[in-house]
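Participant: I'd like to ask you about the structure that follows.
The values are calculated or read from the model by the stated rules, or taken from the named source; none is laboratory data. Since this is a predicted model, take the numbers as computed values, not measurements. Cβ coordinates were reconstructed from backbone atoms using ideal geometry, including for glycine residues, and neighbour counts include every protein chain displayed. Calculation scope for accessible area: heavy atoms of the full protein, side chains included, ligands and nucleic acids excluded. Shrake-Rupley method; radii C 1.70, N 1.55, O 1.52, S 1.80 Å.
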Amino acid sequence: METNETQRQTIRDYLLGDLVGEQQTQFEERLLASDTVYEELVMIEDELIDEYLHEGLSARERESFESHFLAAPEHQEKLRFARTFTKYVTAEGPKYQLATDERVAEEPPTKISRPSSRWFGFLPIRNPIYGYALTAALVLVVVGVTWLGWRNLNSGLRDPGRVHSVVLTSGLSRDAGDESKPVTVPADTDTLRLRLLLDQLRHNSYEATLDAGGRTLTSRSNLPKEVDNGQPAVVLDVPARLVPAGDYRVKLGGVNPDGNREIVASYSFRIQNP
């Protein structure tokens, strides 16, 4: 069993694209099966973004971060949010500190300083430093909620536009073969809808990861279920701009009633030029 430090390094290597072949496959199986591993992966994503913004990555790590980590749209969104908040703190932090220092300097040494009620009268806080900290925290909450709302609006509730549907059969099935299914996507397509066929729908919910050459492009959870010509399937919508000509693989995971995750199937397809 990996130590905590070894697991952290494994996750960093995965996020930076340094895990390949069997190592990558084994880790992704653990990722789908363990909420703890997934939660740690999310934390390490934030750490990598923070190190990137503060020049804490080595030259090689920085190159991997930009070429591999940022290839995922959700990572780009997290970086934009972190950069915006860092700029806010950098710009406003010195102002708060200067205002506090000036108040302290203006007060006579024998007088007990009381914070002005102008900014924090509505809060039960007597120390202006805590008031400034709380204000910054409130701003972070507002910005975070706004960002999450925008993200949800632009993912699950977004108008898919022109949809091109493709039915895929699992490559884990013996009679399905290992060859990638050729797919031609019309040039005016906005969304590629992948209907992932299954023998049965035996999990509470399904989640999928789309990758190309070992690089994760997007991940989705709580996928819709349907029946396609009498056969159960789950549906994965992918923005057409994410899948130019090339080879792709969808890894489908299922969530059991006890909350545990397991690999369900794998689907391979090849986008051809129209």
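Conditions (1) farther than 22 Å from S266 by Cα; (2) open to solvent by 90 Å² or more (accessible area, probe 1.4 Å); (3) polar (S, T, N, Q), marked per residue:
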position	(1), (2), (3)
N4	yes, yes, yes
R12	yes, no, no
F27	no, no, no
E63	yes, yes, no
S67	yes, no, yes
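Participant: Is it the case that the stretch 46-53 has a residue that's part of a helix (DSSP H, G or I), within 29 Å of A265 (Cβ to Cβ) and open to solvent by 20 Å² or more (accessible area, probe 1.4 Å)?
Facilitator: no
Participant: Does M43 count as at pLDDT 90 or above, under 26 Å from N256 (Cα atoms) and open to solvent by 30 Å² or more (accessible area, probe 1.4 Å)?
Facilitator: Considered against the rule, which asks whether it is at pLDDT 90 or above, under 26 Å from N256 (Cα atoms) and open to solvent by 30 Å² or more (accessible area, probe 1.4 Å), M43 comes out as yes.
Participant: Out of curiosity, is E179 in contact with a helix residue (DSSP H, G or I) (Cβ under 9 Å, 6 or more places away or on another chain), surrounded by fewer than 17 Cβ atoms within 10 Å (Cβ to Cβ) and at pLDDT below 90?
Facilitator: It is false that E179 is in contact with a helix residue (DSSP H, G or I) (Cβ under 9 Å, 6 or more places away or on another chain), surrounded by fewer than 17 Cβ atoms within 10 Å (Cβ to Cβ) and at pLDDT below 90.
Participant: Still on this structure, I have one more. Look at the stretch 238-265 and say how many of its residues are on the phi < 0 side of the Ramachandran plot, surrounded by fewer than 20 Cβ atoms within 10 Å (Cβ to Cβ) and of a type outside the set (A, V, I, L, M, F, W, C).
Facilitator: Residues meeting the conditions: 10.
Participant: Out of (1) surrounded by fewer than 18 Cβ atoms within 10 Å (Cβ to Cβ); (2) not in a helix (DSSP H, G or I), what's the single condition that is false for G17?
Facilitator: Result: G17 passes all but (1).
Participant: What are the residue pairs meeting all of these: first residue in the stretch 181-194, first residue in a loop (DSSP other than H, G, I, E, B), second residue hydrophobic (A, V, I, L, M, F, W, C), Cβ atoms under 8 Å, and 6 or more apart or on different chains?
Facilitator: Sorted first by the residue in the stretch 181-194, then by its partner, the pairs are V185/L192; V185/A240; V185/V243; V185/I271; T189/V163; T189/A240; D190/V163; D190/A240.
Participant: Same structure, new question: Pick out the one residue from E92, E74, E102 that is open to solvent by less than 40 Å² (accessible area, probe 1.4 Å) and at pLDDT below 85.
Facilitator: Result of the check over E92, E74, E102: E74.
Participant: Further, regarding this structure: Would you be able to say whether some residue in the stretch 201-217 is open to solvent by 70 Å² or more (accessible area, probe 1.4 Å), in contact with a Pro (Cβ under 6 Å, 6 or more places away or on another chain), at negative phi and in a strand (DSSP E or B)?
Facilitator: No - not one qualifying residue is present in the stretch 201-217.
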